[in-house]
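The values are calculated or read from the model by the stated rules, or taken from the named source; none is laboratory data. Bear in mind that the values here come from a model prediction, so they are computed numbers and not experimental data. In this analysis, Cβ positions are derived from the backbone assuming ideal geometry, glycine residues included, and neighbour counts consider all displayed protein chains. To get the accessible areas, we keep the full protein, side chains included, count just its heavy atoms, and leave off ligands, DNA and RNA. Shrake-Rupley method; radii C 1.70, N 1.55, O 1.52, S 1.80 Å.
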Amino acid sequence: MKHIVCFHLFNDYSGSPKVLKMVLAGLLDKGCRVDLVTSRGGVLDELEGRAGLRRFGYRYRFSQNPVLTMLRYGAVQVYTFLLAFRYLFDRDAVFYINTILPVGPALAGRLMGKRVVYHYHENAFAKGAFYRVLAAAMQRLAHEIVCVSAYQASFLKRKAGVTVVPNALPREFVERLHPDAAAAFGRKTVLMLSSLKAYKGTREFIELAARLPQFHFVLVINDTQENVDRYMEGMKEITPPGLLNNLTVYARQQDVFRFYNAASVVVNLTNPRQAIETFGLTPLEAMSCALPVIVPPVGGIAELVEDGVNGYKIDVQELDRVADAIRQVLTDEALYARLAAHALQRAGQYDGDSMNEQIQQVLFGE
């Protein structure tokens, strides 16, 4: 049986570590030995105690200072590069690199003649030069690359050894969702799960709440309470105190299923001129709860949505259209019921067992 050695830079509660947790759990269920090298403090911590898993941890976090962030990143690459050589004489070791960031262990793996498989979650070509360099390195170092959408794969110069495997949701998560279109329509609640990155549309979500006071808006930000409080304090300069009584903001959450069970519509407001979503885990989670979604019109995220069937594809720069779509969906019960039914049907096409099987075939070279 192969020995999977997995490297993931930053363990938090965002999409890529959630998917990685599913993949590793599937490998452990199959009896594989798995070594996981990542930071502490995120969803991957939930795997600890599983038979067959060995964990190597380190401290890592982002900083508002880009120089400090790069120094920390470089230090982790050196550490994981050196750590990788403990597998020099392990003939069964396969290096599984989650995201393009862990370049140190990927390089070490190739130097040792190990099989190196990348699980590519980003779209480096819609980001800065640093990510494009990492993408070029990935295409040189990887034996196989797993992409999460056809859109994402289309940007790679390399075509051989590239497999598209869309993300999926763990069964235990889906089982905690309670699809009920009639009840959801009555809640009149708009939900967004996001981060504080400017291109994610947090500011625009707050503006939507100001425009649509008849609806309740819930914003879940993947950051610390301290950073969220600081950000919202800055928003008071834009919106007078007391104006947004219909907005509730939460800091980072370990379990988000309860927010879907309390929502009516889920939006993703990523600005496609600044970043392209390679996949839409949040919309997939929403559709699994029979919730209509509004997403950007381009990227892997757009592959999840058929416009006007299970949601809408609207550019955040057309905020009037976004507001009109929310207003229409939450006031037309027949339209809502139709969108909700198709959303649930579409979500059923993304099966976790199938995703795991396809990735295992890539890892094992089958």
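Data table
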read-out	value
Summed residue charge, Cβ within 15 Å of Thr69's Cβ, Lys/Arg positive, Asp/Glu negative	+3
Dipole in debye (nearest 20) - the range 104-230, about Cα centre, beta carbon charges: Lys, Arg +1; Asp, Glu -1	660
Nearest-20 debye value, the range 1-132 charge dipole, Cβ charges on Lys, Arg, Asp, Glu	200
Share of pairwise Cα separations in the range 308-366, more than 17 Å, in percent	57
In nm, spacing of pseudo-spin labels at Val133 and Gln361 (7 Å Cα→C-beta vector)	3.7
With eigenvalues of the C-alpha gyration tensor scaled by 5 and rooted, the chain, Å	36, 22, 19
Extreme residue, positive dipole direction of the range 21-63, given options Leu47, Gly31, Tyr60 (C-beta unit charges)	Tyr60
Part-to-part distance (alpha-carbon centres) for the range 337-355 and the range 246-275, which is given in Å	19
Accessible-area composition of the chain, carbon plus sulfur, in percent [1.4 Å probe]	52
Val43 - accessible surface, heavy atoms, 1.4 Å probe, Å² rounded to 10	10
Formal net charge of residues neighbouring Arg338 (Cβ-Cβ distance under 13 Å; K, R +1; D, E -1)	-2
Accessible-area ranking of Thr224, Thr80, largest first, probe 1.4 Å	Thr224, Thr80
Under the Debye formula (equal points on every Cα, no solvent term), log10 I(q)/I(0) of the range 236-366 at q = 0.10 Å⁻¹	-0.39
Probe 1.4 Å, all protein chains present, accessible-area order of Arg61, Arg327, largest first	Arg61, Arg327
Farthest toward positive dipole pole in the range 116-270 [+1 Lys/Arg, -1 Asp/Glu at C-beta], among Phe217, His119, Asn227	His119
Computed helical MRE - 222 nm, the chain, DSSP H runs ≥ 4 contributing -39500 (n - 2.57), nearest 500	-11500 deg cm²/dmol
Alpha-carbon Rg/Rh ratio, for the range 182-240, with Rh computed the Kirkwood way	1.00
When each of Lys30/Lys157; Lys18/Lys197; Lys2/Lys127; Lys127/Lys313; Lys18/Lys157 is checked by Cα-Cα distance, pairs over 24 Å	Lys30/Lys157; Lys2/Lys127; Lys18/Lys157
Vicinal HN-Hα couplings computed from phi for the range 71-77 (Karplus, 6.51 cos²θ - 1.76 cosθ + 1.60; Hz; Gly/Pro x)	5, 5, 4, x, 4, 5, 5
Local electrostatic count, Ile145, Cβ distance below 13 Å [Lys/Arg +1, Asp/Glu -1]	+3
P(r) of the range 1-52 over all Cα-Cα pairs, binned every 5 Å from zero, in whole percent	5, 22, 35, 24, 12, 2, 0
Charge dipole magnitude, Cβ of K and R +1, D and E -1 - the range 156-251, Cα centre, debye nearest 20	560
